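The values are calculated or read from the model by the stated rules, or taken from the named source; none is laboratory data. These figures come from a predicted structure and were not determined experimentally. Because the Cβ atoms are built from the backbone with ideal geometry, glycine has one as well, and the counts that use them run over all protein chains shown. For the accessible areas, the whole protein counts, side chains as well, though only heavy atoms, and no ligand, DNA or RNA atoms are used. Shrake-Rupley method; radii C 1.70, N 1.55, O 1.52, S 1.80 Å.
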Amino acid sequence: MNAYDIIIRPVITEQSMADVADKKYVFQVAIDADKTQIKAAVEEIFGVKVAKVNTVRMQGKVKRTGAYPAGRRAAYKKAVVTLTADSKTIEFFEGMV
């Protein structure tokens, strides 16, 4: 599993963009990835120093697909990555704040 298999996409929400000032970035990651793999992947892809990684398993929301059978969105894993104070920022998030 390489770094691009672990980091799936960034999570762009109002709350996650507010944390960019504190050097906290939110990513959707592979469900079977652990914190050390996520840390290594972010450091490899973006060239930054990671101080801490927090993960949470998100359950898929129940959605209606017609009259009776309610469907469900897929469950996923989310990681909040905190960078060290002396690390550079991730340029991908610069223009979105």
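For the chain, with only Lys/Arg (+1) and Asp/Glu (-1) charged at the beta-carbon, what is the dipole magnitude about the Cα centre, in debye rounded to 20?
Once rounded to the nearest 20, the dipole reads 620 debye.
Counting only heavy atoms of the protein chains, get the accessible area per residue of the chain (1.4 Å probe) and round it to a whole Å² value.
65
Multiply the residue gap between LYS35 and TYR4 by 0.36 nm, knock off their C-alpha separation, and tell me the result in nm, one decimal place.
Here the segment from LYS35 to TYR4 would lengthen by 9.7 nm.
Counting only C-alpha contacts under 8 Å and six or more residues apart, can you give the relative contact order of the chain as a whole percent?
On the way: 160 pairs, mean separation 30.3, N = 97.
Answer for the chain is 31 percent.
Helix-only mean residue ellipticity at 222 nm, the chain, DSSP H runs n ≥ 4 weighted -39,500 (n - 2.57), per residue, nearest 500. What is it?
-5500 deg cm²/dmol
At 0.36 nm per residue, minus the direct Cα-Cα distance, what do VAL20 and THR55 gain on full extension? Give it in nm, one decimal, please.
This chain segment gains 10.9 nm when fully extended.
Label point 7 Å out from GLU43 along Cα-to-Cβ: which residues of the range 68-94 have amide N under 17 Å?
Only 80-90 fall inside the zone, counting backbone N under 17 Å.
Can you list, largest first and rounded to whole Å, the semi-axes you get for the range 41-83 by taking the square root of 5 times each eigenvalue of its Cα gyration tensor?
35, 10, 5
Pop out the carbon and sulfur fraction of the accessible area of the chain as a percent, whole number, probe 1.4 Å. Don't jump to the answer; show the numbers that get you there.
Numbers: 3290 of 6350 Å².
Heavy-atom surface of the chain belonging to carbon and sulfur, 1.4 Å probe: 52 percent.
Pull up the cross-link candidates among the lysines for LYS52, meaning alpha carbon to alpha carbon under 22 Å and not fewer than 8 places away within one chain.
Hits, sequence-local ones excluded: LYS23, LYS24, LYS35, LYS39, LYS77, LYS78, LYS88.
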